[in-house]
Amino acid sequence: MRGVRSRRDRRITEEADIDGQFDAEFAEVAATFRRQLRRTTGGAALGVYHRGRLVVDLWGGRRTDDGERWRSDTLAMCFSTTKGVASTALHLLADRGLVDYDAPVDTYWPEFAQNGKATTTVRHVLTHSAGLHRIRSLVDGAHRMLDWEHMADALARAKPAYEPGTQSGYHAFTYGFLAGEIVRRVSGRPIDRFVHDELVVPLGLDGLYLGCPPSERHRVAPLEPMGVPHIPWAPLRRIEKSVGESVARLASLARSPVNPRRLFNAFAPRGIEDVIWGAEVMDAPVPAANGFFAARSLARMYAMLAGHGTIDGVTLLSPATIDRIGVVHSRGLDRVVVIPLDWRLGFHRVFTSRGVLPHAFGHFGFGGSGAWADPSRNLALAMVCNRGSGTPIGDLRILELGAAAVRAADRVDRTLGSPVRSDQPAAAAG
């Protein structure tokens, strides 16, 4: 790994476009990251904390199409990985007694009680069970997501797709506005400002933004579009639409869990490609989709969660709140993405290439990025990138990295001694 040295000064001389450092015990993680970079045309960065220490801090690959290398301070837009930051912001208010998870949302946002939502609670929002996953039918175009007041008003007037609390359906875009408006109403600050004041400053982060300030945009790694290929000929587009609608109707009649219409409504407001890959996406916070992160900063935030609310003597959350966050509230297939996400409070299950981590929680994103915390191991991982697959919740890379990090941490724990972990996750909430 060119330019890379382990923290025990063990030099590695293999050729690879990778920089940074890592603890010798986590060499397997570094080797996995190196292999991944050799398989992609873009770049990425990786941060791993164990027992409150940054044990892996690596970056490599290409930041731009013309060959500029990824730098130590490069930022990547991380799509749904952003939801984990928005959730953490809301938990800060709950930990201070300013938000009650079981209070109706209209306690803090009175206009929200319209159209059958008077009983919708903050917990329903955090567990994606508020029934407000639809965005395509909520707004007339994706450009509306850059107008906070418009989105808050539209969600306040919206009617749930099902009785809140009875099902879970991934709120792909709406989640950030729901959580963010609660933060704004309670704190009096927009969520991007709140995150800066209450997470970035106390944790000493240099790469964690909702939207991206003009002063930091030179650090951003441009994304490679990963949308559905455009069909240019109008008759073919009409055929595609007709077939899609027919499949969706059949799925509804057959009560199939896989419903393309539902997925499309949650993920595809009109004009989404122009907004997500346009320069204006940096101008406003979209806290379910447009976080601009450096891996080590995102990993440090999750290390605070993994450390039961504390890192380097800075305490932001109580251990009791961390325990509440990790409780599983729903099992079975998610109504929108049709895979088991086992929603916690604002975070989903953590899966690796070796299986599920029962005590961990985190959030992965479209394009491959993701981050998670495992308080049982005091282990946290974050990976950001600018090239990846088009799945809604990450890709194989973060699963491979997670498995390698767990193996390394467990080897260290066996050497140093650590509490015995149960094989069972926290009990599902009633």
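FYI, it's all coordinate maths here, none of it is from the lab. For clarity, every value in this text was computed on a predicted model and none was experimentally measured. Here Cβ is always computed from backbone atoms with ideal geometry, including for glycine, and neighbour counts include all displayed protein chains.
Exposure proxy for 136, 157: other Cβ atoms within 10 Å of each Cβ, ordered fewest to most, give 157, 136.
Of the residues 102, 413, the one with the fewest other Cβ atoms within 10 Å heads the list, and the complete ranking is 102, 413. A protection proxy built from the mean count of other Cβ atoms within 10 Å ranks the segments 262-274, 183-195, 106-118, most packed first, as 183-195, 262-274, 106-118. Summary of packing: across the peptides 376-382, 145-151, 24-30, the per-residue average of other C-beta atoms within 10 Å ranks them, highest first, as 376-382, 24-30, 145-151. Each principal axis of the Cα cloud of segment 36-184 was taken in turn, and the coordinate range along them, longest first, works out to 52, 40, 26 Å. Cβ-to-Cβ counts within 10 Å put 356, 336 in ascending order as 356, 336, the fewest first. Using θ = phi - 60° in the Karplus curve 6.51 cos²θ - 1.76 cosθ + 1.60, the 3J(HN,Hα) couplings for segment 214-219 round to x, 5, 10, 6, 5, 8 Hz; x is entered for Gly and Pro.
Taking other residues whose beta carbon is less than 13 angstrom from the beta carbon of residue 123, and scoring Lys, Arg as +1 and Asp, Glu as -1, yields 0.
Relative to the current alpha-carbon distance between residue 261 and residue 140, full extension at 0.36 nm per residue lengthens the span by 41.9 nm. Once both labels are positioned 7 Å from their Cα atoms along Cα-to-Cβ, the gap between residue 312 and residue 102 label points is 3.8 nm. Here segment 1-160 carries DSSP beta bridges of which approximately 85% are antiparallel, counting only pairs with both residues inside. Fully extending the segment from residue 217 to residue 353, taken as 0.36 nm per residue of separation minus the present Cα-Cα distance, adds 45.6 nm.
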